[in-house]
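All remarks here apply to the structure that follows.
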Amino acid sequence: MRLSALLICILCSLLFTASRAGDDTNNNNSSAPFAVDIPAYLLPIDGLDFDYYMKTCPGMEGIIANKVKELITKDYTYGASLIRLYFHDCAVRGCDASILLDQPETSEKYAGPSKTLRGFEFINEIKAELEKQCPKTVSCSDILSAVVRDATTAIGGPYWQVKYGRKDGRISQSEEAEAIPMGHESITDLIQYFQSMGLSPVDLVILLGAHTIGYSSCASIRYRLYNYQGPGNCDPTIDPQYANFLTRYCQDPTKKVQLDPTTPTIFDSVYYQNIQKNMGLLEVEQKLFVDSRTAPLVKALANQPDLFYMQFRAAMVKLSKTLVLTKDEGEVRLNCSAVN
């Protein structure tokens, strides 16, 4: 009960701040006795709207939803891949589809953290279909925002409404994408990174919950299994039985291993239960449970599945607003892989 109460207090605090952001009277009245500075990411974004394509491309969401459903039916693992692709896009210069630009060796797509991303061709297929139906209308960044929502829903996750009107960025630099977290950072570094995107520690814990589905490479975790802080050592924080499985399974670094060893194909909060049992595949996941700033959230989410669904929806909506370009700040690409 104490954990639930703590989380409720944290969430209520965030909701209170958000409600103040939507109150134009409070925002404009500098003499208000309890006036607060509203973070920019909580303010409405001029240029984004739920009905943005209502007249110019009314079938846009239907086309995307059908394409996503078809893809997930063929290969369920694309759900996790598309969520990851979206985070990598929004983490660099905001949600502007800069990750999709294909400029050999120089664009974000060619950075180290991007090497295992996939879904680029799928986004291009959707873009080509929309160009037939609504030429020069739907941006690649809006397509990506709708795709990740529909992919999440298709694998059993929550649904949320997407505001549209994003424009595509013209700049994509691989060196900027090198700073994207890879799973071995400290919690302090991660909190600071997420705050630079306008995201809170709550969002950090929630968005890492996307690891309820998907997989990682054995190569990325071998340092925890064979040479952790010394030759031949295994990370002592890993559950012994789980560590035994991983050390045997990951002798081949090219293999892929499920991020959620318990329910790897179900979008659920069991991910947080795994962390409580010292079965977090990535080192940073296990750190969530020992850091005083994140441990109470892990415990609450592990015990309240519905809370994870609700907060994942909210975190994805917030992520989708990260440093977006609107109006004449960007362009509507004709091809998602190249600037016009």
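The values are calculated or read from the model by the stated rules, or taken from the named source; none is laboratory data. Values in this document were obtained by computation on a predicted structure and should not be read as measured data. Heads up, the Cβs are rebuilt from the backbone with ideal geometry, glycines too, and the neighbour counts pull from every protein chain shown. Heads up: the accessible areas ignore ligands, DNA and RNA and are worked out on the full protein's heavy atoms, side chains in. Shrake-Rupley method; radii C 1.70, N 1.55, O 1.52, S 1.80 Å.
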task: Scan the range 124-139 and give yes if some residue there is under 19 Å from the mean Cα position of the chain (by Cα) and modelled with pLDDT of 95 or more, otherwise no.
output: no
- prompt: Looking at the range 290-332, which of its residues are crowded, with 20+ Cβ neighbours inside 10 Å, in a loop (DSSP other than H, G, I, E, B) and of a type in the set (A, V, I, L, M, F, W, C)?
  reply: Val324
statement: Within the range 175-231, the residues that are surrounded by 17 or more Cβ atoms within 10 Å (Cβ to Cβ), in a helix (DSSP H, G or I) and among the small types (Gly, Ala, Ser) are Ala177, Gly209, Ala210, Ser220
message: List the residue pairs whose Cβ atoms are under 8 Å apart, where the first residue sits in the range 307-321 and is over 17 Å from Pro201 (Cβ atoms), the second is assigned to a helix (DSSP H, G or I) and open to solvent by 40 Å² or more (accessible area, probe 1.4 Å), and the two are 6 or more positions apart or on different chains.
response: Lys321/Tyr41
field: Positions within the range 240-278 being assigned to a helix (DSSP H, G or I), open to solvent by less than 60 Å² (accessible area, probe 1.4 Å) and of a type in the set (S, T, N, Q), in sequence order
entry: Thr247, Asn274
- prompt: Among the candidates Lys318, Lys277, Lys256, which residue alone is within 30 Å of Gly165 (Cβ to Cβ) and either basic (Lys, Arg) or in contact with a Gly (Cβ under 7 Å, 6 or more places away or on another chain) (or both)?
  reply: Lys318
field: Asp150, sole failed condition from (1) in a helix (DSSP H, G or I); (2) modelled with pLDDT of 95 or more; (3) out of contact with any helix residue (DSSP H, G or I) (no Cβ under 6 Å at 6 or more places or on another chain); (4) not small (Gly, Ala, Ser)
entry: (3)
- prompt: Which one is surrounded by the most Cβ atoms within 10 Å (Cβ to Cβ), of the residues in the range 73-111 that are of a type in the set (Asp, Glu) and not in a helix (DSSP H, G or I)?
  reply: Asp96
message: Where the second residue is open to solvent by 40 Å² or more (accessible area, probe 1.4 Å) and part of a helix (DSSP H, G or I) and the first is without any contact (Cβ under 8 Å) to a residue 40 or more places away in the chain and lies in the range 203-232, which pairs have Cβ atoms under 9 Å and are six or more apart or on separate chains?
response: Cys218/Tyr249
field: Selected residue (criterion: farthest from Arg248 (Cα to Cα)) from residues of the range 189-233 that are small (Gly, Ala, Ser) and in contact with a helix residue (DSSP H, G or I) (Cβ under 9 Å, 6 or more places away or on another chain)
entry: Gly198
task: Select, from Tyr159, Tyr164, the only residue that is aromatic (Phe, Trp, Tyr), open to solvent by less than 10 Å² (accessible area, probe 1.4 Å) and touching a helix residue (DSSP H, G or I) at 6+ places or on another chain (Cβ under 9 Å).
output: Tyr164
